[in-house]
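The values are calculated or read from the model by the stated rules, or taken from the named source; none is laboratory data. What you see is a predicted model, and the numbers here were worked out from it, not measured in a lab. No Cβ is skipped: glycine too gets one built from the backbone with ideal geometry, and neighbour counts run over all protein chains shown. Side chains are part of the model used for accessible areas, which takes the heavy atoms of the whole protein and leaves out ligands, DNA and RNA. Shrake-Rupley method; radii C 1.70, N 1.55, O 1.52, S 1.80 Å.
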Amino acid sequence: MGENIYFKNKEIKKLLAYYKKIWALGHVDALMGWDLETYMPEKGVIERGTASSQIDLFEQRLLLDKEFVKSVDLVSRIDGLNDYEKGVVRELKRDISIKKRIPPRLIEEESLAATKGVVAWRNARKKSNFGIFRPYLEEIVRIEREKAEKLGYKEHPYDALLDLYEEDMRVREVDSIFSDFIPRLKQILDRVISEKKFTKGGRLEKIKYNMTQMQAVNKKTIDMLGYDMGRFRVDVSAHPFTTTIGSNDVRITTRYEGIDFKRVLFSTIHESGHALYELQCDSQLAMTPVFGGISLGIHESQSRFWENMIGRSRPFVHAITPMLKGQLTFLKGIDEEEMYHYFNRVKPGMIRVDADELTYNFHIVIRYEIEKLLMKNEIKTKELPEFWNEKMEEYLGIKPKNDAEGVLQDIHWSQGSIGYFPTYSLGNIVSAIVRAKAMKEIKNFDGKIGAGDFKPLQDWLKEKIHRYGSTYKPKELLKKALGEGYNPIYLTAYLNQKFLG
Ligand code: MG
């Protein structure tokens with residue numbers, strides 16, 4: 001490897017040389033986590049958990065090493081650092097400050113509560129009985145409240161947790177975004193439902209597919225999108241995810257359910273969108289604290305952009321339909337119009353991960369409202385199932401029949417992830433801004449997508465967003481790349497045009 005073109009400052013170089021140890025532990029942990037979800041024999045889980053938490057401890061010890069913390073502090077006062085160097089210092093200071101505030105005892109409690117919580121949640125969901133999970137959730141909420149106190153906040157305890165997933169985002173701002181966005185969305189949804197415009201396409205949802213044929217579809221879709229299989233791979237897991245092992249080793253997983261092929265197709269496109277963000281990060285940033293996507297919201301904007309704005313668009317339907325028909329024999333006689341309606345069928349449902357573009361964000365608001373109340377101790381856990389069901393009725397006009405299709409459907413709370421959900425909607429909001437700007441700046445946008453030519457769009461995303469990794473904070477990046485903030489007007493305009501235009 002030649003001289004790094006961004007990191008020239010001598011003190012920064014020293015920090016990065018030391019950081020390589022921390023990076024290596026993260027690399028090992030990521031690989032172990034990927035293996036756990038894909039190929040590891042089931043009974044290896046306890047030892048894997050132990051190994052993983054020991055590595056976490058090592059990582060923490062290296063990060064909080066007195067000399068290292070002192071050097072980071074000294075370097076942060078140097079004048080004339082470039083943006084990448086400033087990014088390195090900012091990321092290190094943030095990590096150090098978070099790790100310093102949360103005592104090891106609390107981290108241990110959290111990881112134990114999550115381990116037990118996931119087991120209890122699985123069992124509770126299977127039996128559709130919230131009561132089984134409730135005491136575990138109470139313990140998790142108690143720990144998350146304490147965590148918020150340790151991390152510190154100005155206005156709302158939820159701010160402290162939200163900031164872990166979306167830096168500098170606050171309840172005040174999310175509330176203001178949602179208070180404008182949700183009523184507009186509700187208006188669009190109500191009209192689409194009453195005019196029965198996008199209710200077609202249900203026939204294909206019931207068709208079972210052959211596994212081998214569907215694997216071929218997935219492979220051809222990824223080929224079409226132009227991924228370098230020397231740096232990328234696809235495996236199978238219970239819950240699809242993307243993980244970065246290194247700058248040249250990014251992996252996604254997918255899930256074959258055997259029915260309703262758009263589910264696996266869009267899951268693959270979604271995770272590939274996450275992967276592209278990592279794969280197109282500047283290689284000069286490899287093994288540094290600024291490699292890879294900046295926040296969950298910005299990351300989700302990339303996956304949603306590919307899944308919804310591209311994958312469910314008319315030009316994409318045009319590009320992919322011949323291949324789909326070549327692989328899936330049951331599509332004989334289906335034209336592009338029917339495929340488009342199948343891809344975009346609107347149907348209020350109980351389950352978030354199955355939700356269409358119009359109903360998805362209502363699922364998020366419900367979780368966000370509950371999380372805020374929990375953090376302020378303004379709702380009792382025993383009230384959650386009823387609260388949830390009432391909110392579903394209010395927003396989507398449907399009421400879950402049991403806990404499994406209501407309050408128990410998501411794994412997040414059992415893992416101790418409170419503050420995560422709103423980033424899904426923030427991602428949706430940003431994805432529409434990305435779309436608007438890309439369509440303006442890339443000539444013959446629809447024509448290129450329709451022809452299966454994705455390179456100009458990928459290059460544009462790299463230039464505007466991906467290459468910087470975590471050099472800029474989310475809000476700085478949005479301003480710099482798109483000249484915007486988390487402005488929901490683009491998403492409502494897009495949905496209005498698409499579903500009612
Ligand atoms: Mg995602």
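Considering the stretch 235-276, and only residues there that are within 11 Å of the ligand (Cβ to nearest atom) and in a strand (DSSP E or B), the residue that is surrounded by the fewest Cβ atoms within 10 Å (Cβ to Cβ) turns out to be 242.
All told, residue 295 meets the bar of being within 27 Å of residue 20 (Cβ to Cβ), hydroxyl-bearing (Ser, Thr, Tyr), modelled with pLDDT of 95 or more and buried (at least 19 other Cβ atoms within 10 Å of the Cβ). Among the residues of this structure, residue 66 counts as one that is open to solvent by 80 Å² or more (accessible area, probe 1.4 Å) and either among the basic types (Lys, Arg) or within 19 Å of residue 381 (Cβ to Cβ) (or both).
Residue-by-condition table, conditions (1) over 20 Å from the mean Cα position of the chain (by Cα); (2) assigned to a loop (DSSP other than H, G, I, E, B):
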residue: 419; (1), (2): no, yes
residue: 423; (1), (2): no, no
residue: 426; (1), (2): no, no
residue: 433; (1), (2): no, no
residue: 439; (1), (2): yes, no
residue: 460; (1), (2): yes, no
residue: 470; (1), (2): no, yes
residue: 476; (1), (2): no, no
residue: 494; (1), (2): yes, no
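Selection over the stretch 228-248 of residues that are closer than 20 Å to residue 27 by Cα and out of contact with any strand residue (DSSP E or B) (no Cβ under 6 Å at 6 or more places or on another chain) gives a count of 7. Every listed requirement among (1) within 18 Å of residue 164 (Cβ to Cβ); (2) buried (at least 19 other Cβ atoms within 10 Å of the Cβ) is met by residue 407 save one, (1). Within the stretch 186-220, the set of residues being among the aromatic types (Phe, Trp, Tyr) and either without any contact (Cβ under 8 Å) to a residue 12 or more places away in the chain or within 22 Å of residue 313 (Cβ to Cβ) (or both) comprises 198 only. When the helices (runs of 4 or more DSSP H) confined to the stretch 291-378 are screened for residues that are within 15 Å of the ligand (Cβ to nearest atom), touching a residue at least 60 places away in the same chain (Cβ under 8 Å) and under 27 Å from residue 223 (Cα atoms), those reaching at least 2 such residues are found at 296-304.
For the criterion of being touching a His at 6+ places or on another chain (Cβ under 6 Å) and not hydrophobic (A, V, I, L, M, F, W, C), residue 201 passes.
Check off (1) part of a helix (DSSP H, G or I); (2) within 16 Å of residue 301 (Cα to Cα) for residue 487 and give me the number that stays unchecked. Unmet for residue 487, out of (1) part of a helix (DSSP H, G or I); (2) within 16 Å of residue 301 (Cα to Cα): (1).
Yes/no per residue for (1) in contact with a helix residue (DSSP H, G or I) (Cβ under 6 Å, 6 or more places away or on another chain); (2) in contact (Cβ under 8 Å) with a residue 12 or more places away in the chain; (3) farther than 30 Å from residue 10 by Cβ; (4) charged (D, E, K, R):
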{"site": "41", "(1), (2), (3), (4)": "no, no, yes, no"}
{"site": "51", "(1), (2), (3), (4)": "no, yes, yes, no"}
{"site": "54", "(1), (2), (3), (4)": "no, no, yes, no"}
{"site": "57", "(1), (2), (3), (4)": "no, yes, yes, no"}
{"site": "67", "(1), (2), (3), (4)": "no, no, no, yes"}
{"site": "97", "(1), (2), (3), (4)": "no, no, no, no"}
{"site": "113", "(1), (2), (3), (4)": "yes, yes, yes, no"}
{"site": "131", "(1), (2), (3), (4)": "no, no, yes, no"}
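In contact with a strand residue (DSSP E or B) (Cβ under 6 Å, 6 or more places away or on another chain) and either within 12 Å of the ligand (Cβ to nearest atom) or open to solvent by less than 30 Å² (accessible area, probe 1.4 Å) (or both): which single residue out of 279, 225 fits that description? 279 is the lone residue from the list that is in contact with a strand residue (DSSP E or B) (Cβ under 6 Å, 6 or more places away or on another chain) and either within 12 Å of the ligand (Cβ to nearest atom) or open to solvent by less than 30 Å² (accessible area, probe 1.4 Å) (or both).
Of the helices (runs of 4 or more DSSP H) lying entirely inside the stretch 72-184, those carrying at least 3 residues that are of a type in the set (S, T, N, Q) and surrounded by fewer than 21 Cβ atoms within 10 Å (Cβ to Cβ) are 104-127.
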